[in-house]
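Beneath this line is the structure, given in structure tokens, with notes to follow.
Read the figures in this text as sums done on the coordinates, not as results from a lab. Being a predicted model, the structure only gives us computed values, none of them experimental. Cβ coordinates were reconstructed from backbone atoms using ideal geometry, including for glycine residues, and neighbour counts include every protein chain displayed.
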Amino acid sequence: MRTQYYTATSLDGFIATEDDSLEWLFPLGSLDDSSYPEFISKVGALAMGSATYEWMLRNAELVAAEAGSPWPYTQPAWIFSSRKLPVIDGADIRFVHGDVRNFHSEMQKAAGDRNIWIVGGGDLAGQFHDVGLLDELIVQVGSVTLGKGKPLFPRRLLSPSLRLVSVRQVDASMAELRYEVHRGNKADAAL
């Protein structure tokens with residue numbers, strides 16, 4: 001079981017515009033042509049930030065048209081938010097706030113032998129990384145630039161803590177990069 005941050009980013013490193021729009025992403029291709037179907041089949045629990053969840057609420061019709069339901073997940077989801085937010089009918093949701101360590105073992109238990117997906121956003125993935133709970137980043141890089149917006153991973157990682165394990169072209173407009181988070185010492189990182 002792994003805790004994974006699977007997301008899409010613009011070429012200049014933004015997962016959404018400043019106003020949390022994902023409109024830039026949709027013309028770049030279909031989820032069915034990406035690794036998403038295989039990826040989601042191995043996910044047993046979700047962690048989601050409030051901005052991502054609020055995007056789902058605002059775009060319920062778009063999500064339903066694409067996925068057949070305003071909440072396209074069957075897995076239980078932990079929504080990290082300090083605000084009270086409405087519940088999407090039929091969704092298995094737990095609203096939580098605070099240190100991600102306080103909820104990770106509960107997510108692991110719910111996931112069983114499957115993975116935990118950090119759906120978004122970048123800061124939430126960074127919080128899992130900061131406490132040593134992030135195992136992998138899977139990033140779909142789109143052939144667009146946004147200039148500014150919500151950063152992919154708002155952390156400074158200067159040591160070789162991310163190991164590139166694969167690169168795959170997805171159609172003519174996307175590339176998928178997979179990184180493992182390496183937690184060894186500096187001597188190990190040089191190997």
From the option list W24, W78, single residue qualifying as of a type in the set (F, W, Y) and outside any strand (DSSP E or B) is W24
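Return a yes/no flag: does the range 153-169 have any residue that is under 24 Å from P72 (Cα atoms) and either of a type in the set (S, T, N, Q) or touching a strand residue (DSSP E or B) at 6+ places or on another chain (Cβ under 7 Å) (or both).
Checked against the condition, which is being under 24 Å from P72 (Cα atoms) and either of a type in the set (S, T, N, Q) or touching a strand residue (DSSP E or B) at 6+ places or on another chain (Cβ under 7 Å) (or both), the range 153-169 yields no hits at all.
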Condition set hydroxyl-bearing (S, T, Y) and closer than 16 Å to V119 by Cβ, scope the range 58-89, selection surrounded by the most Cβ atoms within 10 Å (Cβ to Cβ): answer is Y73
The helices (runs of 4 or more DSSP H) lying wholly within the range 91-191 that contain at least 3 residues that are under 23 Å from M48 (Cα atoms) are 101-111, 122-130
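Out of all the residues in the range 178-185, is one or more aliphatic (A, V, I, L, M), touching a strand residue (DSSP E or B) at 6+ places or on another chain (Cβ under 7 Å) and over 23 Å from S30 (Cβ atoms)? Break it down into steps so the answer makes sense when it comes.
Residues of the range 178-185 that are aliphatic (A, V, I, L, M), as a first pass: 181.
So of that shortlist, the ones also touching a strand residue (DSSP E or B) at 6+ places or on another chain (Cβ under 7 Å) come out as 181.
Of the ones still in play, those that are also over 23 Å from S30 (Cβ atoms) are 181.
So far as the range 178-185 goes, yes, one or more of its residues are aliphatic (A, V, I, L, M), touching a strand residue (DSSP E or B) at 6+ places or on another chain (Cβ under 7 Å) and over 23 Å from S30 (Cβ atoms).
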Expected output for the range 87-103 (first residue under 15 Å from W71 (Cα atoms) and touching a residue at least 24 places away in the same chain (Cβ under 8 Å), partner of a type in the set (G, A, S) and in a helix (DSSP H, G or I), Cβ below 8 Å, 6+ apart or cross-chain) is I88/A60
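So that you can scan it fast, the table gives a plain yes or no per residue for (1) part of a helix (DSSP H, G or I); (2) not hydrophobic (A, V, I, L, M, F, W, C):
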site: T7; (1), (2): no, yes
site: I15; (1), (2): no, no
site: D20; (1), (2): no, yes
site: D32; (1), (2): yes, yes
site: T52; (1), (2): yes, yes
site: W71; (1), (2): no, no
Only one of (1) surrounded by 18 or more Cβ atoms within 10 Å (Cβ to Cβ); (2) in contact (Cβ under 8 Å) with a residue 40 or more places away in the chain; (3) of a type outside the set (D, E, K, R); (4) in a loop (DSSP other than H, G, I, E, B) does not apply to G44, and that is (4)
